[in-house]
Amino acid sequence: STTISSFPYSEGFESGIGAWTQSTSDDFDWTRDASGTPSTGTGPSSADEGSYYMYVESSSPNYPSKVTIFNSPCFDLTSESNASFNFAYHMYGTAMGTMQLQASTDGSSWTTLWTKSGDQGNSWFNATVSLSSYYGSTVQLRYVATTGTSWTSDFAIDDISVTTGAVPTGTDLTLTLNFDNYPEETSWTLKNSVGSTVASGGTYGSQPDGSTLVIPINDLADDCYVFTMLDSY
């Protein structure tokens, strides 16, 4: 695998999949996309940053419980005393399965660093994972996605980075949306002080009129944020 030794490292899949690779020992491949997933009620409609993202299309024959693996390049942390792996993820659909981030130093034995299961709502979320167990060594990461019980279990990732220095400790928030009778017109963004979108969601056409949706927003760094609620009508 390609080895990355200069940091910060970033990959948004705007020009392809970069140094990432598709596994040949799984059930099917991840897909690079910019136009929204083809199935309704699942998958993102746009990227978290830029235009492109990687996603898992769970339509037949890719369910139930089919596994797809997406491999990172190797990251040389031999000279680092602090490092973190950061990414945006999207898990929306009534039949969501499980996505894991795993790490290996030998390419054969893997340790799960992060896992998320179930419907997280039609929103992008940010995750920060400490690589403290791999300081002074070289590590490879991979996403392992297992589809759920139907085609409404698309996963997506975007805006990946590896940063060195202190691992940020963030604040976890909860956004509660109480919809009117037009949830399909509702969307929102949360931007930091430099104008970068750190979380977003919507629209919510699959939500019942007058319903309530609770959305976690995790690992926000200390900053000033602008929250914008949009009504498309």
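Every read-out reported here was derived from the displayed coordinates using simple, explicitly stated rules and does not represent laboratory data. Here the structure is a predicted model, which means the values were calculated and not measured. Glycine gets a Cβ as well: all are built from the backbone with ideal geometry, and neighbour counts include every protein chain shown.
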If packing is taken as the mean number of other Cβ atoms within 10 Å per residue, what is the order of 143-151, 54-62, highest first?
143-151, 54-62
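Starting from 0.36 nm per residue, how many nanometres of slack lie between MET229 and THR138 once their C-alpha separation is accounted for? Don't skip to the end; give the middle numbers.
Values: separation 91, 0.36 × 91 = 32.76 nm, distance 4.27 nm.
Between MET229 and THR138, full extension yields 28.5 nm more.
What does the charge count near ILE4 come to, summing +1 for each Lys or Arg and -1 for each Asp or Glu among other residues with Cβ under 12 Å from its Cβ?
Details: positive: none; negative: GLU11, ASP76, GLU80.
It works out to a net charge of -3.
Report relative contact order for the range 15-168 in percent, whole number only (criteria: Cα-Cα under 8 Å, sequence separation at least 6).
35 percent
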Cα centroid of the range 205-233 to Cα centroid of the range 1-68, whole Å:
24 Å
Add +1 for every Lys or Arg and -1 for every Asp or Glu among the other residues with Cβ under 15 Å from the Cβ of THR212, and state the total.
-3
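So if we plug the beta-carbon distance of SER161 and SER5 into 1/(1 + (r/R0)^6) with R0 = 22 Å, what FRET efficiency do we get, rounded to 0.05?
Numbers: r = 15 Å, r/R0 = 0.69.
It comes out at approximately 0.90.
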When the Kirkwood radius is taken over all Cα pairs of the chain, what Stokes-Einstein diffusion coefficient follows at 37 °C and 0.692 mPa s, in µm²/s?
179 µm²/s
Within the range 174-201, backbone nitrogen closer than 18 Å to the virtual label 7 Å beyond the Cα of ASP222 toward Cβ
192-194
Listed highest first by mean packing, meaning other Cβ atoms within 10 Å per residue, what order do 177-185, 36-44 come in?
36-44, 177-185
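Give me the net charge for the shell around GLY18: Cβ to Cβ below 14 angstrom, other residues only, Lys and Arg +1, Asp and Glu -1.
Working: positive: ARG32; negative: GLU11, GLU14, ASP158, ASP159.
Once positives and negatives cancel, what remains is -3.
Given the Cα-Cα distance of SER206 and SER117 and 0.36 nm per residue of separation, how much length would full extension add, in nm? Intermediate results must be reported in sequence, preceding the final value.
Details: separation 89, 0.36 × 89 = 32.04 nm, distance 1.95 nm.
Gain on stretching SER206 to SER117: 30.1 nm.
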With +1 at each Lys and Arg Cβ and -1 at each Asp and Glu Cβ, the charge dipole magnitude of the range 1-138 around its Cα centre, to the nearest 20 debye, comes out at 200 debye
Quote to one decimal, in nm, the extra length available between THR105 and ASP26 on full extension: 0.36 nm per residue of separation minus the C-alpha distance between them.
26.4 nm
Sequence ranges 203-215, 10-22, ranked by mean other-Cβ count within 10 angstrom, highest first:
10-22, 203-215
In terms of the charge dipole of the range 119-233, which places +1 on Lys and Arg and -1 on Asp and Glu at the beta carbon, the residue among GLN140, SER153, THR212 farthest towards the positive end is GLN140
When the Cα centres of the range 153-202 and the range 80-127 are compared, how far apart do they sit, in Å?
15 Å
